[in-house]
1. Across peptide B:40-48, how many C-beta atoms of other chains are within 10 Å of each residue C-beta, on average?
2. At a probe radius of 1.4 Å, what is the per-residue accessible area of A:TYR35, in Å² to the nearest 10?
3. Specify the residue with the greatest mean-square fluctuation among B:ILE26, B:ILE47, B:ILE13, computed from a Gaussian network of chain B linking alpha-carbon atoms under 10 Å apart.
4. Give the residue from A:GLY106, A:TYR35, A:GLY16 lying farthest towards the positive end of the charge dipole for chain A; charges sit on Cβ (+1 for Lys and Arg, -1 for Asp and Glu) and the dipole is referred to the Cα centre.
5. What number comes out for the charge environment of A:CYS23, summing +1 per Lys or Arg and -1 per Asp or Glu over other residues with Cβ under 15 Å away?
6. Let me confirm one metric for peptide A:24-36, namely the mean number of other chain beta-carbon atoms within 10 Å of its residues' beta-carbons.
7. Obtain the radius of gyration and the Kirkwood radius of the protein assembly as shown from its C-alpha atoms and give Rg over Rh.
8. Figure the gain on full extension for B:THR111 and B:ASP74 (residue separation times 0.36 nm, minus the Cα-Cα span) and round it to one decimal in nm.
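The values are calculated or read from the model by the stated rules, or taken from the named source; none is laboratory data. Quantities reported herein were computed from a predicted structural model and do not represent experimental measurements. Because the Cβ atoms are built from the backbone with ideal geometry, glycine has one as well, and the counts that use them run over all protein chains shown. Surface areas here come from the heavy atoms of the whole protein model, side chains and all, with no ligands, DNA or RNA. Shrake-Rupley method; radii C 1.70, N 1.55, O 1.52, S 1.80 Å.
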Amino acid sequence: GQQVMQIPQYQHVQEGEDFTTYCNSSTTLSNIQWYKQRPGGHPVFLIQLVKSGEVKKQKRLTFQFGEAKKNSSLHITATQTTDVGTYFCAGPGVGTNAGKSTFGDGTTLTVKP
Amino acid sequence: EAGVVQSPRYKIIEKKQPVAFWCNPISGHNTLYWYRQNLGQGPELLIRYENEEAVDDSQLPKDRFSAERLKGVDSTLKIQPAELGDSAVYLCASRLTALVEQFFGPGTRLTVL
């Protein structure tokens, strides 16, 4: 079945530094979603990307979907302590399982003030 | 608007005991998910409902896990008997079928001793 792989597993940065996490799939994705989970919290939806080469921004967060729709990235500019958490990408299922989301194992970001 | 409600928040049981989790989705959300999240991993889908119908339960260990969503609103997930490896956070999520965003509940942290 479809899997999405995320790298790196952990990232520790100094406040103000940039951060990027990557998500890769072995198959072409119709869309990809990104979620953030704060320590001790639950996943919260950030965004969905659908189009090949799509780029979307949310304040300091930039999301990209690869041209081949097999990879995606999340970039945070000038990290803040509020950015701490685990960032997950999730790909959809196929066919009758299109409503299913397959999550990666996430990238855990820690920010040193 | 109330979010997804789950109870209990924490549960500690001995192995071989039964346990049940309850989820009340956001009002009007037809699609409901149960996920299991192990430490350091992304959520893993156990079962997905469209209204009262289970449309994807391929990942549900049916020998010990069961779920129901009577009347297409609240849902319960049961484990009987629990095993040590079932210790995890059990997350419920819901969404409007026509939209992408999943809303997660706070989860139930299960510890099996």
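1. Values: counts 6, 6, 15, 10, 2, 8, 0, 0, 5.
Per residue, the average neighbour count from other chains is 6.
2. 0 Å²
3. B:ILE13
4. Positive-most Cα among the choices belongs to A:TYR35.
5. Numbers: positive: A:LYS36, A:LYS56, A:LYS69, A:LYS70; negative: A:GLU54, A:GLU67, A:ASP105.
Once all neighbours under 15 Å are counted, the net charge is +1.
6. Details: counts 0, 0, 0, 0, 0, 0, 0, 1, 0, 3, 0, 5, 0.
Per residue, the average neighbour count from other chains is 1.
7. Rounded to two decimals, Rg over Rh is 0.98.
8. Details: separation 37, 0.36 × 37 = 13.32 nm, distance 2.34 nm.
Net length gain for the segment: 11.0 nm.
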